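The values are calculated or read from the model by the stated rules, or taken from the named source; none is laboratory data. These numbers were taken from a predicted model, which means no experiment stands behind them. Counting neighbours? That spans all protein chains shown, and the Cβs are built from the backbone with ideal geometry, glycine included.
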Amino acid sequence: MTYSYSTNAVHGNFKEREAFGAVIQPVYNSTTYIQPELGKTQKYEYGRGSNPTRLALEQFLANLEGAETVYAFSSGMAATTAALSLFKTGDKVLFNNNMYGGTFRYISRVFPNQGISYEIIDDFNTFNFDTVGDDVKAVFIETPSNPLLYVSDLKKASAAAHKKGLLVIVDNTFMTSFFQKPLELGADIVVCSTTKYYGGHSDIIGGFTATNSPDIANRLKVLQNTLGAVPSPDDCFLLQRSIKTMPLRLQRQTYNTEQIIKFLSSQKAIEKLFYPTLIPEQRSIQEAQSSGSGAVFSLILKDTYNPSVFVASLKLFDLAVSLGAVESLVCHPATMTHESFTSELRLRAGITDNLIRFSVGIEDADDLISDLSAALKEAGK
Ligand SMILES: *Cc1c(COP(=O)(O)O)cnc(C)c1O
């Protein structure tokens, strides 16, 4: 019997019942495990290498991702670091132009020390993979992208990249496997920050890698143990609790976002709106590869509206980085989430100084719309 995502999100980690029949997974805080005798080990030895609570989380996530192997990390960046540690001196990796700020910080600050190079690609949908050199070993795609919600066709890009023998890594943080399963679309590795939708309550920093390749899984396992950025058993427990409500939260957050997009589309204060379904070409890619568009959108106000007054007038959207949690947030990418970008790259990617990004929570949609409406009026005074 196969169950739907929402059912697996509640029951998926109970393949093996806990010893006392507890309905939730217990937390094993022990850092070390007794060896029965010299030269003989059991399933668990040392907490960095493996931990029962972490393994329960990893199996729970693997079931939801449709992945053979998931490894949990102490942050999304730790998962990205592990995936990018598969490369060596002389290798080159391709990235899309608006990516998570921390990912750009990594490739601009850490890659040079390792002799690994990168190239920023403006549009993977039109990129000719036949032009890449032998040094190019992988593509790293974020779709929809952060903060401009640009949609890349994962099936098409993966097929073209594989033809050239490249590894395909997808940062699926904005969608989660509830809406989008990159491994089914051709990706070799998914990286994800669970700090966002999986955690969903602004109280856990975490991440994971997912893959169906036994060879990649073996290499990532070594990196998880060696780099050592593993989540605590308590965080693994809390994340399992959070995931059970993720489908409900994402449905509500996405519904709210769609209502807000409808409202903002008719507002004369708005110069430009960014959401995956607003441009027909982008919409058809998004609908083919995902079952929803998520709860992040960005906008630019017309010149006659003051963005600072707009943001300051919002009462339900807290001014803070991050996204995906139950509370709505607003941020200014140029100074908050994408300050690691060079000003040239920000300009090239379209992350202008007047761009404002929103993460929509689970509040009442009408309340959020009233709040936005009142703030727009203030900003236009
Ligand atoms: C937040 C985020 C990350 C990094 O995750 P952390 O848990 O903050 O380390 C990576 N990619 C995307 C798209 C993100 O939004």
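For the stretch 149-158, a tally of residues being within 16 Å of MET99 (Cα to Cα) and either touching a Leu at 6+ places or on another chain (Cβ under 8 Å) or not hydrophobic (A, V, I, L, M, F, W, C) (or both) returns 4.
Which condition number in (1) among the hydrophobic types (A, V, I, L, M, F, W, C); (2) farther than 30 Å from LEU345 by Cβ; (3) part of a strand (DSSP E or B) is the one that VAL27 fails? Among (1) among the hydrophobic types (A, V, I, L, M, F, W, C); (2) farther than 30 Å from LEU345 by Cβ; (3) part of a strand (DSSP E or B), the lone unmet condition for VAL27 is (3).
For (1) closer than 30 Å to PHE124 by Cα; (2) of a type in the set (S, T, N, Q); (3) under 19 Å from the mean Cα position of the chain (by Cα), each residue gets a yes or a no:
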| position | (1), (2), (3) |
| --- | --- |
| THR7 | no, yes, no |
| GLU45 | no, no, no |
| ALA62 | yes, no, yes |
| THR69 | yes, yes, yes |
| SER75 | yes, yes, yes |
| ALA79 | yes, no, yes |
| LYS92 | yes, no, no |
| ASN98 | yes, yes, yes |
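Within the set LEU223, LEU238, the sole residue that is under 29 Å from LEU84 (Cα atoms) and without any contact (Cβ under 8 Å) to a residue 40 or more places away in the chain turns out to be LEU238.
Taking strands (runs of 3 or more DSSP E) as the structural unit, those lying wholly within the stretch 39-133 and holding at least 3 residues that are among the hydrophobic types (A, V, I, L, M, F, W, C) correspond to 69-73, 92-96.
Using the structure shown, decide if ARG241 is under 19 Å from LEU167 (Cβ atoms), more than 15 Å from the ligand (Cβ to nearest atom) and over 18 Å from the mean Cα position of the chain (by Cα). For ARG241, the condition - under 19 Å from LEU167 (Cβ atoms), more than 15 Å from the ligand (Cβ to nearest atom) and over 18 Å from the mean Cα position of the chain (by Cα) - is not met. Count of the stretch 66-100 residues, restricted to those that are over 21 Å from GLN114 (Cα atoms) and more than 16 Å from the ligand (Cβ to nearest atom), is 4.
For the stretch 199-208, does any single residue satisfy the condition of being over 20 Å from GLY90 (Cα atoms), more than 16 Å from the ligand (Cβ to nearest atom) and touching a residue at least 24 places away in the same chain (Cβ under 8 Å)? No, that holds for no residue. For the stretch 147-167, a tally of residues being within 16 Å of the ligand (Cβ to nearest atom) and either more than 22 Å from ARG357 (Cβ to Cβ) or of a type in the set (Ser, Thr, Tyr) (or both) returns 3.
Among the listed residues ILE362, ILE351, ILE369, ILE356, which satisfies the condition of being among the aliphatic types (A, V, I, L, M), in contact (Cβ under 8 Å) with a residue 24 or more places away in the chain, part of a helix (DSSP H, G or I) and touching a helix residue (DSSP H, G or I) at 6+ places or on another chain (Cβ under 9 Å)? Full working, then the answer.
Values: ILE362 fails: part of a helix (DSSP H, G or I); ILE351 fails: part of a helix (DSSP H, G or I); ILE356 fails: part of a helix (DSSP H, G or I).
Going through ILE362, ILE351, ILE369, ILE356 in turn, the sole match is ILE369.
Search the stretch 126-141 for residues being touching a Lys or Arg at 6+ places or on another chain (Cβ under 9 Å) and under 22 Å from CYS192 (Cα atoms), and hand back the single one that is surrounded by the fewest Cβ atoms within 10 Å (Cβ to Cβ). Ranking the qualifying residues of the stretch 126-141, first place goes to LYS137.
Matching residues to (1) among the small types (Gly, Ala, Ser); (2) within 24 Å of GLU184 (Cα to Cα); (3) surrounded by 16 or more Cβ atoms within 10 Å (Cβ to Cβ); (4) out of contact with any Cys (no Cβ under 9 Å at 6 or more places or on another chain):
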{"site": "THR245", "(1), (2), (3), (4)": "no, yes, yes, yes"}
{"site": "THR257", "(1), (2), (3), (4)": "no, no, yes, yes"}
{"site": "LYS262", "(1), (2), (3), (4)": "no, no, no, yes"}
{"site": "SER265", "(1), (2), (3), (4)": "yes, no, no, yes"}
{"site": "LYS272", "(1), (2), (3), (4)": "no, no, no, yes"}
{"site": "ILE279", "(1), (2), (3), (4)": "no, no, no, yes"}
{"site": "ARG283", "(1), (2), (3), (4)": "no, yes, no, yes"}
{"site": "GLY292", "(1), (2), (3), (4)": "yes, yes, yes, yes"}
{"site": "PHE297", "(1), (2), (3), (4)": "no, no, yes, yes"}
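Among the residues of the stretch 248-271, is there at least one that is among the hydroxyl-bearing types (Ser, Thr, Tyr) and either at pLDDT below 95 or assigned to a strand (DSSP E or B) (or both)? Within the stretch 248-271 (the criterion being among the hydroxyl-bearing types (Ser, Thr, Tyr) and either at pLDDT below 95 or assigned to a strand (DSSP E or B) (or both)), the answer is no, since none of the residues qualifies.
Screening the stretch 176-198 for residues that are of a type outside the set (Ser, Thr, Tyr) and near the ligand (Cβ under 10 Å from one of its atoms) and picking the one that is surrounded by the fewest Cβ atoms within 10 Å (Cβ to Cβ) gives LYS196.
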